[in-house]
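The values are calculated or read from the model by the stated rules, or taken from the named source; none is laboratory data. Worth saying up front: this structure is predicted, and the values here are computed from it rather than measured. No Cβ is skipped: glycine too gets one built from the backbone with ideal geometry, and neighbour counts run over all protein chains shown. Accessible surface is based on the protein model in full, side chains and every heavy atom, while ligands, DNA and RNA are left aside. Shrake-Rupley method; radii C 1.70, N 1.55, O 1.52, S 1.80 Å.
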Amino acid sequence: MSTPANSTEQKVWLISGANRGIGFGLVNNLLARSDVIIYAGAREPAKATELQKLAAEHKNLHIVKLTSGSVEEAKEAAAVIEKRSGGLDYVIANAGIAYSTSRLEAVTLEDFNEHFQVNVVGVLVLFQATLPLLLKRTTRVFEAVSSAVGSNTNAHLFAAFNNGSYSLSKAALNYLVRRISVEHAEDGLVAFTVHPGLVETDMAQKFLERPEAAAWKSVAIKPDDSAKALLVVTDKATKDTNGKYLNYDGTELPW
Ligand code: NDP
């Protein structure tokens with residue numbers, strides 16, 4: 001059954017990387033609201049069993065196929081959303097990878113290229129496909145889930161993580177979204193990046209098992225708590241949020 005399109009009451013959301021981790025938490029928390037239509041991006045919808053379960057229970061949740069960096073899939077998802085809902089209010093570019101375990105001196109080009117493809121190109125492609133839909137509505141929020149490790153200013157805090165490619169890709173993502181915020185300020189777009197915290201997902205679990213992470217274990221938070229906090233930040237987003245780099249508690253991070 002299709003969800004009513006163009007309702008002024010309902011906000012239309014798209015979240016990438018929604019089949020697990022923080023993305024799944026965002027979808028799950030949004031479903032508690034009555035005024036939302038949610039498009040959940042997953043690269044393999046047929047295998048996204050938890051999302052499928054939710055979608056069977058909630059007619060306002062739709063799964064779309066989204067592989068980061070695939071122009072074709074991003075365009076197809078945008079076409080489906082436009083047909084069904086008319087536009088988008090919120091895009092949260094959340095999909096990402098982080099498996100680099102090397103200092104920069106040892107990073108392979110393969111490792112670097114994969115991180116760049118998913119964490120940077122993937123967000124650019126999603127932005128290009130969804131901008132026309134955001135401009136059809138008045139909310140116009142484009143939010144990318146970055147990381148505190150992408151901060152130039154704080155590079156010294158995270159060098160010991162040995163995650164060269166990942167940090168580089170998130171620093172590039174920060175620039176990408178900051179640049180989008182400048183290029184589209186006059187469109188009323190609200191583009192910003194967020195650090196979701198150190199979150200106990202599959203991604204962080206591998207990091208937390210490493211000896212260099214010992215001191216960080218005590219600050220790790222649950223995916224559901226990260227998602228709740230990110231939605232508070234997102235709900236508060238206004239024109240003044242455009243171009244910001246925010247922590248999950250809403251405070252600003254240094255570029
Ligand atoms: P998870 O590894 O738990 O989930 C990652 C999500 O991204 C999955 O849905 C995964 O899909 C998707 N994904 C990965 N590669 C691709 C791809 N090529 N195309 C489409 N989707 C893809 O990670 P988190 O939930 O922890 O991470 C979410 C975001 O938060 C990421 O951008 C990450 O960098 C950021 N972040 C996380 C932190 C943490 O402590 N967890 C800290 C700072 C930032 P699939 O299941 O198909 O692989």
Here the qualifying pairs (Cβ atoms under 7 Å; residues six or more apart or on different chains; first in the stretch 92-118 and basic (Lys, Arg); second part of a loop (DSSP other than H, G, I, E, B)) come out as ARG103/ASN162
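On the basis of being surrounded by fewer than 18 Cβ atoms within 10 Å (Cβ to Cβ), more than 21 Å from the chain's Cα centre (by Cα) and either at pLDDT 95 or above or more than 12 Å from the ligand (Cβ to nearest atom) (or both), does ALA159 make the cut?
Values: surrounded by fewer than 18 Cβ atoms within 10 Å (Cβ to Cβ): yes; more than 21 Å from the chain's Cα centre (by Cα): yes; either at pLDDT 95 or above or more than 12 Å from the ligand (Cβ to nearest atom) (or both): yes.
Yes; evaluated as a whole, the condition is true for this residue.
Tell me, yes or no, whether the stretch 208-221 has at least one residue that is open to solvent by less than 70 Å² (accessible area, probe 1.4 Å), without any contact (Cβ under 8 Å) to a residue 24 or more places away in the chain, farther than 18 Å from TYR90 by Cβ and out of contact with any strand residue (DSSP E or B) (no Cβ under 8 Å at 6 or more places or on another chain). Outline the logic, then answer.
Step one: of the stretch 208-221, the residues open to solvent by less than 70 Å² (accessible area, probe 1.4 Å) are 208, 210, 212-214, 220-221.
Add one more test, that the residue is without any contact (Cβ under 8 Å) to a residue 24 or more places away in the chain, and what stays is 208, 214, 220.
From the residues that got through so far, the ones that are farther than 18 Å from TYR90 by Cβ too are 208, 214, 220.
With out of contact with any strand residue (DSSP E or B) (no Cβ under 8 Å at 6 or more places or on another chain) added as a condition, the list becomes 208, 214.
There is at least one residue in the stretch 208-221 that is open to solvent by less than 70 Å² (accessible area, probe 1.4 Å), without any contact (Cβ under 8 Å) to a residue 24 or more places away in the chain, farther than 18 Å from TYR90 by Cβ and out of contact with any strand residue (DSSP E or B) (no Cβ under 8 Å at 6 or more places or on another chain).
If I go through the stretch 229-241 residue by residue, how many of them are buried (at least 16 other Cβ atoms within 10 Å of the Cβ) and part of a helix (DSSP H, G or I)?
Within the stretch 229-241, the subset buried (at least 16 other Cβ atoms within 10 Å of the Cβ) is 229-231, 233-234, 237, 241.
Subset that is part of a helix (DSSP H, G or I): 229-231, 233-234, 241.
Selection size over the stretch 229-241: 6.
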Counting only residues that are surrounded by 15 or more Cβ atoms within 10 Å (Cβ to Cβ) and either under 13 Å from ARG103 (Cβ atoms) or of a type in the set (Val, Ile, Thr) (or both), the stretch 133-156 contains a total of 4
Reported set for the stretch 201-245 where residues are closer than 18 Å to PHE161 by Cβ, touching a Gly at 6+ places or on another chain (Cβ under 8 Å) and among the hydroxyl-bearing types (Ser, Thr, Tyr) is THR201
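Is it the case that PHE112 is surrounded by fewer than 19 Cβ atoms within 10 Å (Cβ to Cβ), aromatic (Phe, Trp, Tyr) and more than 19 Å from the chain's Cα centre (by Cα)?
Details: surrounded by fewer than 19 Cβ atoms within 10 Å (Cβ to Cβ): yes; aromatic (Phe, Trp, Tyr): yes; more than 19 Å from the chain's Cα centre (by Cα): yes.
Answer is yes for this residue.
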